[in-house]
Amino acid sequence: FSSVSALAINSSGNIFAGENGGISRSTNNGASWTTAGLTDTYVEALAINSSGTIFAGTVSAYSGGGVFRSTDNGATWNTTGLTHTNVQAIALNASGTIFAGSEQGVFRSTDNGASWITMDLTNTYVSALAINPSGTIFAGTDNVVFRSTDNGASWTAVYVGSTNTYVSAFAIRTGGTIFAGTRGGGVFRSVQTTTSVKEGAA
């Protein structure tokens, strides 16, 4: 491996690793890996829906990146309707709606990636996304965590950190506690599970 930025596992137990040179796949619990497409592409995010379709968010200084889709376990990949924007985060809700966090904000697709619409959170570099069991969406930016309770139509800032507290990852524990990983600021934990991420820097 070179630099792994994303991991995902499908219902068959196949593991996919997004790297700065494409995607690798393991069918034997990580003992060995084979190339699974998108070579020479910087893959920053991976997500797999209930049908096994894989979505890959990519970053490119030349083409501007976008979201690619594979319906055959990574053998082949096609572009979706979201191109020419660097995508660093992908999240799926229970109904299969896809959310992509990009340098231009959050995009949403309800047709398996064929078309996308821009959400209210625009002109913001979104680097992390997570969705809790009730469908609330959390978006991480350079120093702010935003929350949407209406499928991405509107957003509210629920945590504002210090300058350069770059939110790069989320995890949501059973019960609703949210953990936000940052680059340079440690890990933060939500105080109120559905409203804010405020304290607990590590």
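The values are calculated or read from the model by the stated rules, or taken from the named source; none is laboratory data. Everything numeric here is computed off the predicted structure, so don't read it as measured data. All Cβ positions, even for glycine, are placed from backbone atoms using ideal geometry, and neighbour counts span all protein chains on display. Only protein heavy atoms, including side chains, enter the accessible area calculation; ligands, DNA and RNA are left aside. Shrake-Rupley method; radii C 1.70, N 1.55, O 1.52, S 1.80 Å.
Consider Ser162 carefully, then state whether it is out of contact with any Pro (no Cβ under 7 Å at 6 or more places or on another chain), assigned to a loop (DSSP other than H, G, I, E, B), at pLDDT 90 or above and open to solvent by 50 Å² or more (accessible area, probe 1.4 Å). Answer is no for this residue. Quick one: would you say Ser5 is in contact with a strand residue (DSSP E or B) (Cβ under 6 Å, 6 or more places away or on another chain) and in contact (Cβ under 8 Å) with a residue 24 or more places away in the chain? So Ser5 passes the test. Residue under question is Gly30, and the condition is that it be touching a strand residue (DSSP E or B) at 6+ places or on another chain (Cβ under 9 Å), of a type outside the set (A, V, I, L, M) and buried (at least 20 other Cβ atoms within 10 Å of the Cβ); does it hold? So Gly30 does not fit the description; no. When the criteria are applied in full, Thr174 meets the requirement of being modelled with pLDDT of 75 or more and either in contact with a Cys (Cβ under 7 Å, 6 or more places away or on another chain) or among the polar types (S, T, N, Q) (or both). Evaluated against (1) surrounded by fewer than 20 Cβ atoms within 10 Å (Cβ to Cβ); (2) in contact with a strand residue (DSSP E or B) (Cβ under 8 Å, 6 or more places away or on another chain); (3) over 29 Å from Gly175 (Cβ atoms); (4) not polar (S, T, N, Q), Leu92 falls short on exactly one condition, (3). Of the strands (runs of 3 or more DSSP E) that lie entirely inside the range 68-156, those containing 1 or more residues that are free of Cβ contacts under 8 Å to residues at least 12 places away in the same chain span 78-83, 117-122. Of the residues making up the range 25-54, those that are modelled with pLDDT under 95 and in contact with a Phe, Trp or Tyr (Cβ under 6 Å, 6 or more places away or on another chain) are Gly37, Leu38. Being open to solvent by less than 20 Å² (accessible area, probe 1.4 Å) and at pLDDT 95 or above narrows it down to one residue among Gly57, Gly64, Gly22; which is it? Among Gly57, Gly64, Gly22, only Gly57 is open to solvent by less than 20 Å² (accessible area, probe 1.4 Å) and at pLDDT 95 or above.
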